[in-house]
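Here is the structure we will look at, set down as structure tokens.
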Amino acid sequence: MSVDQRCRLHAETLALDADTALDDYVPAAIVDHGELAARGVAYKQLSALGFDLGERSATLAVDGDTLTLLDGLDHAAVVAELAPDALSDLVQDRQSTMGLAMTARVKIRDGSLDEWIRWEPALRALFEGRPVYESGAIAMLDPDGAPLDLDRRFTLDDDRDEMAHFMTEAGFLHLTGVFGPDEMAAVGTDIDDSVAAARDADPEYWWCTDAAGDQVAVRSLNFQEKSAAVRAVLADERLTWLADLTGDDHVPPETCEGLVKPLDIVQGLSDLPWHKDCGQGLHSYMCNNLTVGISVTGADRVSGALGVIPGSHRANTVGSMRDKDLDLPSRLLETATGDLTVHCSDTLHRAYPPSAHPRKVVYTSFRLAPQAGDRIAPNPRYSREARSELTSVQDRIAAADNLDADNRYVPHNG
Ligand SMILES: [Fe+2]
């Protein structure tokens, strides 16, 4: 069993200039995967996509049963203005269409931001040969070939092969009663203390606005540096055994984030909408890492439980929202104190806003060990500072197709 879907090495990433990208790289991808991508473009009814690089421009369009790259923008319905280095990142899955919008590296001149983002699965078909998801293409089965019971919960005493099978098929896992109430109470106290100590705009936290207009800290970054109780949890074999769950050589976590989910948040990244953790890009280099939520308090329908879309980790579908045509049903993972939720980095998931009472959760990640021969250079886009700056990302996304936003687009901003 495996959830390792990687098909690219960090060490092989190229810095493509406009001519190399448009004259060599994209045409080569069309030779390899043009028909597969064209099928996805037709299935999703996407309009021709223009790239305006300033010095050069070109349009990706359907031509019979494959794609073609036309000079200029005469046939483009969606036009994205971006620097050559941003196109280089896009075609090599360093950043997705959404990732470029989130970092203000693209401006949508014609068409909409939504159309631009909806191109992502077809681009992945073109550049990595991953078929665009079509309704009915995924069946989730138990080891006997019957439909998988997607409401199944596990305990640490259950058969680990069955858990690995469930994880591989469905892309998530719910483990009950892993940690005790006292252990979770100690972690909860440390989250409270950390958040109470946060001062305005402290970059060690993500900040949100509540209904009263106040700024509240909702996520304590690098929480392992602030809590001995959570360090003990991270090192505990009731958690660390997950590194061996799917046989993919995941690495036990060294960092985590402590979250509070307050009531009445009106703006900010407290309750994230449907997304994949690779939704900003890098799927081909990182999936599937395993993200683990440790329920410091329980989470139910009225306290903001985690939602997942079983099977979506096997679907090349938009990773920064839920495609309205996606036929995979969602599940709400209602947890008790001490439960774990585990999901693949390519599984669509979301946090629902709490409506009756707040909750607390710690998130951590088991990453895949680097592939043989790979070398991962520090990436400023995924640095500690970049994680901190995500707190204002909603403004930048909105700015990507808002003509009046002064933070709309900054050429060559890295
Ligand atoms: Fe996530």
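The values are calculated or read from the model by the stated rules, or taken from the named source; none is laboratory data. Here the structure is a predicted model, which is why all the values come from computation and not from measurement. A quick note on method: Cβ atoms are made from the backbone with ideal geometry, for glycine too, and the neighbour counts reach across all protein chains shown.
Tabulated values for the structure
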quantity	calculated
Subset of the stretch 213-228 [of a type in the set (Gly, Ala, Ser), buried (at least 19 other Cβ atoms within 10 Å of the Cβ) and either touching a His at 6+ places or on another chain (Cβ under 7 Å) or more than 19 Å from Ala351 (Cβ to Cβ) (or both)]	Ser227
Members of the stretch 316-352 that are closer than 18 Å to Ala299 by Cβ and acidic (Asp, Glu)	Glu334, Asp339
Within the stretch 300-320, tally of residues that are touching a residue at least 60 places away in the same chain (Cβ under 8 Å) and at positive phi	1
Residue within the stretch 363-384 that is in the same structural domain as Gly307 (by TED's automatic domain parsing) and more than 30 Å from Glu12 (Cα to Cα) present	yes
Residues located in the stretch 276-301, provided they are touching a strand residue (DSSP E or B) at 6+ places or on another chain (Cβ under 7 Å) and within 12 Å of the ligand (Cβ to nearest atom)	Asp277, Asn289, Leu290, Thr291, Val292, Gly293
Count of residues meeting criterion [surrounded by fewer than 20 Cβ atoms within 10 Å (Cβ to Cβ) and in contact with a Pro (Cβ under 6 Å, 6 or more places away or on another chain)] in the stretch 156-198	1
Single residue of Leu67, Leu150 found to be of a type in the set (A, V, I, L, M) and in a loop (DSSP other than H, G, I, E, B)	Leu150
Positions within the stretch 341-360 being at pLDDT below 95 and within 14 Å of the ligand (Cβ to nearest atom), in sequence order	Arg350, Ala351, Tyr352
Given (1) under 27 Å from the mean Cα position of the chain (by Cα); (2) not in a helix (DSSP H, G or I), index of the condition Ala61 fails	(1)
Residues that are out of contact with any His (no Cβ under 8 Å at 6 or more places or on another chain) and either modelled with pLDDT under 95 or within 16 Å of the ligand (Cβ to nearest atom) (or both), drawn from the stretch 324-340	Lys324, Asp325, Pro329, Ser330, Arg331, Leu332
Flag if Val218 is within 16 Å of the ligand (Cβ to nearest atom) and either outside the structural domain of Tyr352 (by TED's automatic domain parsing) or closer than 25 Å to Val178 by Cα (or both)	yes
Any hit, the stretch 253-263, residues being within 13 Å of the ligand (Cβ to nearest atom) and over 13 Å from the mean Cα position of the chain (by Cα)	yes
Residue in the stretch 302-314 that is within 13 Å of the ligand (Cβ to nearest atom), in the same structural domain as Asp277 (by TED's automatic domain parsing) and part of a loop (DSSP other than H, G, I, E, B) present	yes
Flag for Ser88 being modelled with pLDDT of 95 or more, hydroxyl-bearing (Ser, Thr, Tyr) and either assigned by TED's automatic domain parsing to the domain that holds Leu306 or surrounded by fewer than 19 Cβ atoms within 10 Å (Cβ to Cβ) (or both)	no
Residue within the stretch 316-331 that is aliphatic (A, V, I, L, M) and closer than 23 Å to Leu242 by Cβ present	no
